[in-house]
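The values are calculated or read from the model by the stated rules, or taken from the named source; none is laboratory data. All of these numbers come straight from a predicted model, not from anything done at the bench. Please note: Cβ atoms are built from the backbone with ideal geometry, for glycine as well, and neighbour counts cover all protein chains shown.
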Amino acid sequence: MAAALSSRFLNTVRSTRLASVSSIYQNGMMRYSTTVPSDSDTHDDFKPTQKVPSGSTDSLKDLVENDVKENPVMIYMKGVPEAPQCGFSSLAVRVLQQYNVPVGARNILADPEIKEAVKSFSHWPTFPQIFIKGEFIGGSDIILNMHKEGELEEKLKDVSANQKSQ
Ligand SMILES: N[C@@H](CCC(=O)N[C@@H](CS)C(=O)NCC(=O)O)C(=O)O
Ligand code: FES
């Protein structure tokens, strides 16, 4: 089931290195940029999100399980990394931008069924939701706090900059 799901659905996951650390620090400010022109791995991922077909609760749970297994960093958010549709999602993306790691993302506004599946998977009621190496981390408050405390750097240190998210 998981294998079938991955071929059927995973093209809806966007994966991108959100921005290079150097460009952020050179400019002395957080910059939102998802353009990675030289990265052929991510090129196709910027296609418009496809509608996830209706599925049973079980198959959508498998989908989420597969997402978080395949993507070392996975965010379920409102909007997409290059155009968040909520300040909380935007904040979480900007935090993740500080690390040169690939990030898989799904726009839960585009897929209400996925939204419900994610909530029941994590037992967390709000978005964004971030998973690292399969572990549910939390939302924007938690990720920002972990960033400030140095915990995020620790968690992400073995996530290679060149690792593919899918
Ligand atoms: N303090 C929260 C902020 C997230 C939040 O409150 N999200 C709300 C507004 S975007 C939400 O997802 N509500 C449920 C919904 O919109 O379905 C966090 O740390 O992530
Ligand atoms: S959509 Fe209104 S606070 Fe997130």
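Remark: pairs (first residue in segment 77-102, under 19 Å from GLY150 (Cα atoms) and crowded, with 21+ Cβ neighbours inside 10 Å; second residue modelled with pLDDT of 95 or more and of a type in the set (S, T, N, Q); Cβ separation under 6 Å; 6+ apart in sequence or on different chains) = ALA92/SER140. Which of the residues belonging to segment 77-89 are under 9 Å from the mean Cα position of the chain (by Cα) and near ligand 1 (Cβ under 10 Å from one of its atoms)? The answer is MET77, and nothing else.
Among the candidates SER160, SER89, single out the residue that is within 16 Å of ligand 2 (Cβ to nearest atom) and among the hydroxyl-bearing types (Ser, Thr, Tyr).
Details: SER160 fails: within 16 Å of ligand 2 (Cβ to nearest atom).
Just one listed residue meets the conditions, SER89.
Of all residues in segment 53-96, those satisfying the criterion of being closer than 15 Å to PHE127 by Cβ and in a loop (DSSP other than H, G, I, E, B) are LYS78, PRO81, GLN85, CYS86. Does segment 121-141 include one or more residues that are surrounded by fewer than 22 Cβ atoms within 10 Å (Cβ to Cβ), more than 17 Å from ASN71 (Cβ to Cβ) and either away from ligand 1 (no atom under 13 Å from the Cβ) or basic (Lys, Arg) (or both)? Yes: one or more hits.
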